[in-house]
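Data first, discussion second: the structure below is written as structure tokens.
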Amino acid sequence: MVKVLEAVPNFSEGRDLAKVRALVDAVARPGVEVLDWSADADHHRSVVTYIGDPPQVEAASVDAARCALEQIDLRCHQGLHPRVGALDVLPFVPLHDLEMADAVASAHRVGARLGALGTPVYYYGMASRPGGRSLAELRRGGFEALAGGFPPDRLPDEPAGARAPHPTAGVTCVGARDILLAWNVFLEGIDLEGAREIARGIRERDGGFAGLRALGLYLERQDRIQISMNLENPRRTSPLAVLAAIERESARRGGRIVETEVIGLAPDALVHPASANRLVLPDLGPARVLSRRVAQHVLSRTNGRTVIPDSAE
């Protein structure tokens, strides 16, 4: 059987495209297919999505972490997105002929190697012990809250005995999880406080949709208002229901949705035919649909062809 593991590292660099391309190049190798990468200057963050055989994906992830350690200095980093590390988040997702336990094992193997590189690691999601530790609790206060040493209630999992983050690369949160939807909605006619009120009304921690994390943001470089979201289980919580709530609350404030942006690959729940007339997704074609790309990847490996990573251009 063809085993397919996905990794979706988030790096704290979204402005220097030469550095972002170096991160993508660190991942690319035979047996690993880079499905997508993006960089956002306002968030000062880039996201790379790649799949492949678990040992190759693990090796690519360690090389990407080493590149981030060398290229990114958090002491000079200012962006909208919460972060604690140069390689801030590294989730592993079991996609084909793998169980969650396999993704957890990959996370622990990679986490141990990152700790050996000198970057302390927190395990989150299903990789934490016990499972279910959230990114929000680990990133509370950002890199700056950890720079003077780890709080007693937030000691890292790797390496044993670490007392402070790496001085420039911080820490990395390594996890195992199911497929999620990372997406942004852009609003017109809504100010920043209105966007924040809408985000508070829809996110889980304030009584909104299950598994939804949301922030209302002003993107200075684009002069746009955005609601930035992660939906942990788009099969359980409908993206269309979330979108409808944003539409309703925006209209009540005299505004409207003008665009929806997906970060990385889109789960099937977002591209169901019923969604076509509701979502404003200018760049979502077949190549951005995760299930389609995984099927193509499995077929190529079944037929014995080498998977050639996508270009970073």
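The values are calculated or read from the model by the stated rules, or taken from the named source; none is laboratory data. Remember, it's a predicted structure, so these values are computed and weren't measured experimentally. So basically every Cβ, Gly included, is an ideal-geometry build from the backbone, and we count neighbours across all protein chains shown.
Taking the condition under 21 Å from Ile179 (Cα atoms), assigned to a strand (DSSP E or B), assigned by TED's automatic domain parsing to the domain that holds Val110 and of a type in the set (Gly, Ala, Ser), does Ala39 pass?
When the stated conditions are applied, Ala39 passes them.
For the range 167-217, enumerate the residues that are aliphatic (A, V, I, L, M), in a loop (DSSP other than H, G, I, E, B) and crowded, with 16+ Cβ neighbours inside 10 Å. Please lay out each step first, then the result.
Within the range 167-217, the first condition is being aliphatic (A, V, I, L, M), and the residues that meet it are 169, 171, 174, 176, 179-182, 185, 187, 190, 192, 195, 198-199, 202, 210, 212, 214-215, 217.
Adding the requirement that they be in a loop (DSSP other than H, G, I, E, B) leaves 169, 171, 179-180, 190, 210.
Those that are aliphatic (A, V, I, L, M), in a loop (DSSP other than H, G, I, E, B) and crowded, with 16+ Cβ neighbours inside 10 Å: Ala169, Val171, Ile179, Leu180, Ile190.
Per the listing Gly111, Gly125, Gly149, the residue uniquely crowded, with 21+ Cβ neighbours inside 10 Å and out of contact with any helix residue (DSSP H, G or I) (no Cβ under 9 Å at 6 or more places or on another chain) is Gly111. Residues in the range 1-12 that are over 13 Å from the mean Cα position of the chain (by Cα) and buried (at least 24 other Cβ atoms within 10 Å of the Cβ): Leu5 only.
In the set Val104, Val121, Val110, Val93, which member is out of contact with any Asp or Glu (no Cβ under 8 Å at 6 or more places or on another chain), outside the structural domain of Ile263 (by TED's automatic domain parsing) and β-branched (Val, Ile, Thr)?
Values: Val121 fails: out of contact with any Asp or Glu (no Cβ under 8 Å at 6 or more places or on another chain); Val110 fails: out of contact with any Asp or Glu (no Cβ under 8 Å at 6 or more places or on another chain); Val93 fails: out of contact with any Asp or Glu (no Cβ under 8 Å at 6 or more places or on another chain).
Being out of contact with any Asp or Glu (no Cβ under 8 Å at 6 or more places or on another chain), outside the structural domain of Ile263 (by TED's automatic domain parsing) and β-branched (Val, Ile, Thr) holds for just one of Val104, Val121, Val110, Val93, which is Val104.
Applying the set (1) at pLDDT 95 or above; (2) surrounded by fewer than 19 Cβ atoms within 10 Å (Cβ to Cβ); (3) more than 25 Å from Asn230 (Cα to Cα) to Arg29 leaves exactly one unmet item: (1). Within the range 243-266, the set of residues being part of a strand (DSSP E or B), closer than 20 Å to Ser46 by Cα and either at pLDDT 95 or above or hydrophobic (A, V, I, L, M, F, W, C) (or both) comprises Val262, Ile263, Ala266.
Mind telling me which of the residues Asp102, Asp88, Asp63 ends up being among the charged types (D, E, K, R), touching a strand residue (DSSP E or B) at 6+ places or on another chain (Cβ under 6 Å) and over 22 Å from Ala182 (Cβ atoms)? The unique qualifying residue is Asp102.
Being in contact with a Cys (Cβ under 8 Å, 6 or more places away or on another chain) and surrounded by 16 or more Cβ atoms within 10 Å (Cβ to Cβ), is that true of even one residue in the range 89-106?
Going through the range 89-106, the residues in contact with a Cys (Cβ under 8 Å, 6 or more places away or on another chain) turn out to be 89-90.
Then drop every residue that is not surrounded by 16 or more Cβ atoms within 10 Å (Cβ to Cβ), which leaves 89-90.
Yes: the range 89-106 contains one or more residues that are in contact with a Cys (Cβ under 8 Å, 6 or more places away or on another chain) and surrounded by 16 or more Cβ atoms within 10 Å (Cβ to Cβ).
Within the range 165-209, the set of residues being under 30 Å from Gly149 (Cβ atoms) and touching a strand residue (DSSP E or B) at 6+ places or on another chain (Cβ under 7 Å) comprises Ala169, Gly170, Val171, Thr172, Cys173, Val174, Gly175, Ala176, Arg177. Inspection of the range 219-239 finds no residue satisfying the criterion of being of a type in the set (A, V, I, L, M), in a helix (DSSP H, G or I), outside the structural domain of Asp40 (by TED's automatic domain parsing) and in contact (Cβ under 8 Å) with a residue 40 or more places away in the chain. If you go through the range 77-130 and keep only what is of a type in the set (Ser, Thr, Tyr), over 17 Å from Cys67 (Cα atoms) and not in a helix (DSSP H, G or I), you end up with Tyr122, Tyr123, Tyr124, Ser128. Looking across the range 131-163, the residues that are more than 15 Å from Gly118 (Cβ to Cβ), among the charged types (D, E, K, R) and not in a loop (DSSP other than H, G, I, E, B) come down to Arg133, Glu137, Glu144. Put simply, of Val57, Val62, Val2, Val34 the only residue that is more than 19 Å from Phe143 (Cβ to Cβ) and either of a type in the set (Phe, Trp, Tyr) or assigned to a loop (DSSP other than H, G, I, E, B) (or both) is Val2.
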